[in-house]
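The values are calculated or read from the model by the stated rules, or taken from the named source; none is laboratory data. Owing to the predicted nature of the structure, the values given are computational and were not obtained by experimental measurement. As a convention, Cβ positions derive from the backbone with ideal geometry for all residues, glycine included, and neighbour counts pool all protein chains shown.
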């Protein structure tokens, strides 16, 4: 069995060593650049009266300086890339040790009206999302969240195949994340798509050749004046004003265009590098190949199209240089030329950008899923079956618990079967409910689950475990519970769900609670529902005698030598040992 932790330790050291090596090379290049600058200045000064030699030294010095600057920039990017890889591997080591509570909790994705996201620790501190999320772009995070909340039981094996493949491409996954981390993006892609869709072209078609012709006339005029063919040197000034006048006609709209493009340049630079990685990788799974095909545009690569657009955006950004703006627009109509290139790109590819963005977000999200599968080689991908038990799992455990301390359970839940789970406080009932719930959610996403083996007949999940009152809409706790239970009843009339309930009707008295809980479970069973309810109400267990679909299970607690002991083991039957009065006495509350 592969050891992910060993991989992270080895590669963290290797990337750190490479980063240090590159830093030394950067320092050497910086020193050489300084020497070239000083040497060029000294040489020009020494041969100032011999202008031919001085110019030669100056030109040679500039060329050498630019070459060293280019090399330095290249080494700097490689250094940043390797530092990003170091950080990625160090983070994996830290998370594997259980230190992940400083990461994004995803609280903004909790939704009390969702089928299960509020109840099963999917989001929040110490949540499944906080533990497994490795997305690097905002849209990728949303794609991952949507996958976790989708309740999608179709094409599970297709997703499993994609996640299995990505789990084995660890270097590619880390390169993808490191490249993404090199560019800080501030503008959400939805804002970019809105702008692209709403942008109205303002430059006429003729602007494809007018800047080129104007540039030729400018160069010709310069040469004629330099060689004395044209003696009126003031013509060059009038020509400058003519160019500025032509540009000025569109200046207001060009300024608006430049303002918008300035906000999106980094996004396109980042996405170009990620598209390049996707295009140049070989995939075998059907889903990944479909996504790779989605970014093809004729005989051109999406990454090349993005790079071309990024260059056009950078060129327009150069207008912020005052001297370049005046002389560039006056003699070469650079603003018009660059704006036309951008508008031409928008016209040709604007309607395809959303597909390219979606693919990048997909791979960002699936990188997290593949990374999770790689980090848990002892987990298993459930065998998807169309008939039989909904869940038949051996050694099923909660994926976030320490495997050295975790107590696993053998769980078999048949279709249209309902478990009533009793047990003492802290004996493991709620953890068991979340374990089963996460099995369903993870299996539906296509992830491996925390078990030795599992056969799974896909089913959607719906829960009621953490109802709360609301001061904003003036609803009591009890009324909130009733609304949630009504939501469940309405949902199961439309299609089958696996129902998980934890101590329902807590907001009323014990007699009402016992009667109401019994009637609700009977209604669910009559509706051919499948699921689990955890309760402290032992009278509810009497239903097993009346309905074959209902089975009793429990988690036990024992008092040994005046100490409370739990074995966290799921057993058939009804719990007889409760611990509330013992704990009250033990803590000197009563």
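Worth pointing out:
- Residue that is surrounded by 24 or more Cβ atoms within 10 Å (Cβ to Cβ) and touching a residue at least 60 places away in the same chain (Cβ under 8 Å), where the choices are 422, 431, 435: 422
- Residue 259 vs. criteria surrounded by 12 or more Cβ atoms within 10 Å (Cβ to Cβ), under 30 Å from residue 73 (Cβ atoms), under 47 Å from the mean Cα position of the chain (by Cα) and modelled with pLDDT of 85 or more: no
- Evaluation of residue 103 against the conditions (1) part of a helix (DSSP H, G or I); (2) under 30 Å from residue 126 (Cβ atoms); (3) touching a helix residue (DSSP H, G or I) at 6+ places or on another chain (Cβ under 6 Å) shows that the sole unmet condition is (1).
- Test: residue in region 333-353 that is within 26 Å of the chain's Cα centre (by Cα), buried (at least 19 other Cβ atoms within 10 Å of the Cβ) and under 28 Å from residue 134 (Cβ atoms): yes
- Meets criteria (outside any helix (DSSP H, G or I), in the same structural domain as residue 342 (by TED's automatic domain parsing) and closer than 28 Å to residue 320 by Cβ) for residue 203: yes
- Residues in region 1-51 that are outside any helix (DSSP H, G or I) and surrounded by fewer than 16 Cβ atoms within 10 Å (Cβ to Cβ): 1, 2, 3, 48, 49, 50.
- Unmet criterion (only one of (1) more than 25 Å from residue 365 (Cα to Cα); (2) assigned to a loop (DSSP other than H, G, I, E, B)) for residue 401: (1)
- Residue match in region 114-122 (condition: out of contact with any strand residue (DSSP E or B) (no Cβ under 9 Å at 6 or more places or on another chain), modelled with pLDDT of 95 or more and in a helix (DSSP H, G or I)): no
- Qualifying residue in region 271-281 (condition: in contact (Cβ under 8 Å) with a residue 60 or more places away in the chain, outside any loop (DSSP other than H, G, I, E, B) and more than 30 Å from residue 446 (Cβ to Cβ)): no
- Residue within region 445-466 that is assigned to a loop (DSSP other than H, G, I, E, B), at pLDDT below 95 and either surrounded by fewer than 16 Cβ atoms within 10 Å (Cβ to Cβ) or touching a helix residue (DSSP H, G or I) at 6+ places or on another chain (Cβ under 6 Å) (or both) present: yes
- Residue selected from region 175-200 under the condition touching a residue at least 60 places away in the same chain (Cβ under 8 Å) and exposed (fewer than 13 other Cβ atoms within 10 Å of the Cβ), by the criterion nearest to residue 85 (Cα to Cα): 184
One line per residue, one yes/no per condition, for (1) under 30 Å from residue 172 (Cα atoms); (2) modelled with pLDDT under 90:
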{"position": "248", "(1), (2)": "no, no"}
{"position": "252", "(1), (2)": "no, no"}
{"position": "264", "(1), (2)": "yes, yes"}
{"position": "280", "(1), (2)": "yes, no"}
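- Of the strands (runs of 3 or more DSSP E) entirely within region 501-590, those holding at least 1 residues that are touching a helix residue (DSSP H, G or I) at 6+ places or on another chain (Cβ under 9 Å), under 25 Å from residue 408 (Cβ atoms) and modelled with pLDDT of 75 or more occupy 530-534, 550-555.
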